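Working notes, beginning with the structure itself.
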Amino acid sequence: MGLITGQTQSEERRAVVSAPVVPAGEVAAPMPTAPVGLSRLSPLRWQLTLSALTAVAVLVLLICLQFGAERIDLAEEIRVVGLAVREGQAGIESAGATGVILMQVRLPRVLLAFMVGGCLAAVGVGLQALLRNPLADPYVLGISSGAALGAGLAILFGLTGTVLAFSALPLCAMAGGLLSVLVVYRIATAYGYLPIHTLLLAGVILNAVFSALVMFVTSIMEPNRSFGMMSWLMGTLTAPDYPAMLVLAGYLMVGLFVLFRQAASLNLLTLGEESARSLGVDVETVKKTVFFTSALLTGAVVSVSGMIGFVGMVIPHAMRLLTGADHRLLLPASALVGGLYLMAADTIARTLLAPTEIPVGVVTALAGGPFFIYLLTSRKGRLA
Amino acid sequence: MKETTEVHAYSVDGLRFSYGHPGGSRSVNGWVLDGLTFDVRPGEIVGVLGPNGSGKSSLLKILAKVLRPQEGSVRLFGRELLGMPQHDVARAVALVPQESQIAFPFSITEMVLMGRFPHHRRNIGLSGLGWEGPEDIRVAEAAMRETDVLHLAHRSITDVSGGERQRAIIARALTQEPKVLLLDEPTAFLDLHHQLDICSILRRLNQERGLTVILVSHDLNLASQYCDRLLLLDRGRTVRLGFPEEVMTPEVLEEVYRCRVLVDRHPQSGLPRVTLPGRPMTEA
């Protein structure tokens, strides 16, 4: 029921938003038919949708900054942020405790939530298109648990030190994510090409094996480390300092851009590999690019956030109802909404039982789980 | 027929293909296609017939470079198919697959416009966006009008009937502006009216633009009526290649399909018409 309304709304929305792009004169023949120009993704609708979502994301960011152990008035918040932007460190100090709380405690955390959520959703979009399965995400394929295993081993052996501003933990996580992609890819290409169903099965099995290994690693840690590991596994955002955050942001941006460049090809890949190939897509290259980019993005994200489930699955699905299936819009729109979803979820996680923090993975799972079941049982969720 | 120096649309020579491990033993699965050799002239309509599992669909996929044969060569307008980039193939050859399972709610228009991908993929450039231009939209709209799906332009491909989806996919193939159209059971999901429509569209494009058509069909009568030549396959080998009158004889069909058939003449065209035997009562 809700589904039907949702779709009608999105169709109306498309029609309304894209109406001015094709002048009536361009649509030939006065036939009683729907003009083609109205029912496709147009540059104008692309711009409008993304501008609107960016505006909403900024708004959510400002609201999330308000909440924490103590609530900060919105006007005060904007004044302090403005001060910090204009005068930097001096501005923060002149704002006193509020300045420190806002700019050095909450803002990094909220920005990190935005980046993590955005990446998980974008990776989810890419993997769903690749697997032609609306239920795929980094977890189903075992990428996240591979990354978690890498990170777990780094914690177990107490690895520290940095390589190119990256500390050992994210590097191990990325290595783990890459490892699971390589293993999945290896299993699935045993027959010379990459059949999607084999790949999905390989991912599920690998996920089980890596999860077991993560539990094993956790069980042999010293108790104080294993507690940290557990809460990390449940999904907890730990914000690094600003320079490290900047490096992370740059790295994620590059990955997202690589993913985004495949958007038009991803559209065709959802038709199936054979159809995509017959329409001129270099299928193997696109698949490799999307897989390895996804692995590296997921590894980086898991290392700063642990295991946060459902964002990569739920957000792309919901956005598809809202924006249509064209990946040129779906991918950036999902990234924005994934980011703002995790900002909101993390704000709930850190304020609901303050000063105790709930792992944000618990919040996203509690919100996402029922939606997942709804998808499984609804017509839209059927496996491709 | 005429001794030609013209370039064939397709020259297939000694084609062998099997699914399975490239390094592994092929004898386990056996050859799906076992030594096919034939030519298709530009502007011809060729029907590929044969029982289930005779390799018809695999043949079409090889002709579209979706599958790679293990042995033999395929030349497309004189160029070695396997040496051509996939997007070059896609500008010359469009494939309408037998089944299209589409999991995501693209609108029919978006679906049809995907046929422009091999043409505008160069515009995609650094940004990855590559918006469709007025020319792309004009071609798509013409194709949609031709296949009678223009009124469905805004509908989601996941919500329309099987026949409507099939017509949309034929529209997508026409939007590729191909020189060769490959169709796998194009009329399987269509009602009589739209079967006839699709056949006459194919015939018209064939006559007006010289479109070469290769279609796989189980419908022997349709193939007989609309195809210039027929290629009859059985277990990956050519049984007959020739005009409908040469291929559609009771002896040949009974040997290949292993059942009794009646062949008479179509009342209008005089071409062979195949009927299954009636109930014993009428024979008595």
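Going by the structure shown, is A:G152 outside any loop (DSSP other than H, G, I, E, B), more than 24 Å from A:G339 (Cα to Cα) and touching a residue at least 24 places away in the same chain (Cβ under 8 Å)? Answer is yes for this residue.
Yes/no matrix, rows are residues, columns are (1) aliphatic (A, V, I, L, M); (2) at pLDDT below 90:
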{"position": "B:K2", "(1), (2)": "no, yes"}
{"position": "B:E80", "(1), (2)": "no, no"}
{"position": "B:V93", "(1), (2)": "yes, no"}
{"position": "B:Q101", "(1), (2)": "no, yes"}
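Consider the range A:206-224 and keep the residues that are surrounded by fewer than 15 Cβ atoms within 10 Å (Cβ to Cβ) and in contact with a helix residue (DSSP H, G or I) (Cβ under 8 Å, 6 or more places away or on another chain). The one that is nearest to A:A113 (Cα to Cα) is A:S219. Residues in the range A:50-95 that are in a loop (DSSP other than H, G, I, E, B), under 29 Å from the mean Cα position of the chain (by Cα) and exposed (fewer than 13 other Cβ atoms within 10 Å of the Cβ): A:A69, A:E70, A:R71.
Residues that are more than 11 Å from chain A (Cβ to nearest Cβ) and buried (at least 21 other Cβ atoms within 10 Å of the Cβ) within the range B:134-163 comprise just one, B:T147. For the range B:168-189, taking the residues that are in contact with a Leu (Cβ under 9 Å, 6 or more places away or on another chain) and in a loop (DSSP other than H, G, I, E, B), the one that is farthest from the other protein chains (Cβ to nearest Cβ) is identified as B:T187. Looking at A:L340, A:L331, A:L375, which is the one that is assigned to a helix (DSSP H, G or I) and modelled with pLDDT under 90? Just a single option satisfies the conditions, and that option is A:L375. When A:V304, A:V281, A:V247, A:V290 are checked against the criterion of being more than 13 Å from the chain's Cα centre (by Cα) and outside any helix (DSSP H, G or I), a single residue qualifies: A:V281. Each residue in the range A:232-244 was checked for being crowded, with 16+ Cβ neighbours inside 10 Å and part of a helix (DSSP H, G or I), and 3 pass. Collect the residues in the range B:103-133 that are more than 7 Å from chain A (Cβ to nearest Cβ), at pLDDT below 90 and assigned to a helix (DSSP H, G or I), keeping them in residue-number order. Result: B:H119, B:H120, B:R122, B:N123. Pairing each residue of the range A:270-283 that is at the interface with chain B (Cβ under 7 Å from one of its Cβ atoms) and touching a residue at least 60 places away in the same chain (Cβ under 8 Å) with any residue that is assigned to a helix (DSSP H, G or I) and not aromatic (F, W, Y), provided the two are 6+ apart or on different chains, yields C-beta distances under 7 Å for A:T270/A:A129. Among the residues of the range B:58-102, how many are within 10 Å of chain A (Cβ to nearest Cβ), open to solvent by 30 Å² or more (accessible area, probe 1.4 Å) and of a type in the set (D, E, K, R)? Qualifying residue count for the region: 5.
The values are calculated or read from the model by the stated rules, or taken from the named source; none is laboratory data. Quick caveat: nothing in here was measured; it's all calculated off a predicted structure. Positions of Cβ are generated from backbone atoms using ideal geometry, with glycine treated the same way; all protein chains shown enter the neighbour counts. Remember, those area values only see protein heavy atoms, side chains included, never the ligands or the DNA or RNA. Shrake-Rupley method; radii C 1.70, N 1.55, O 1.52, S 1.80 Å.
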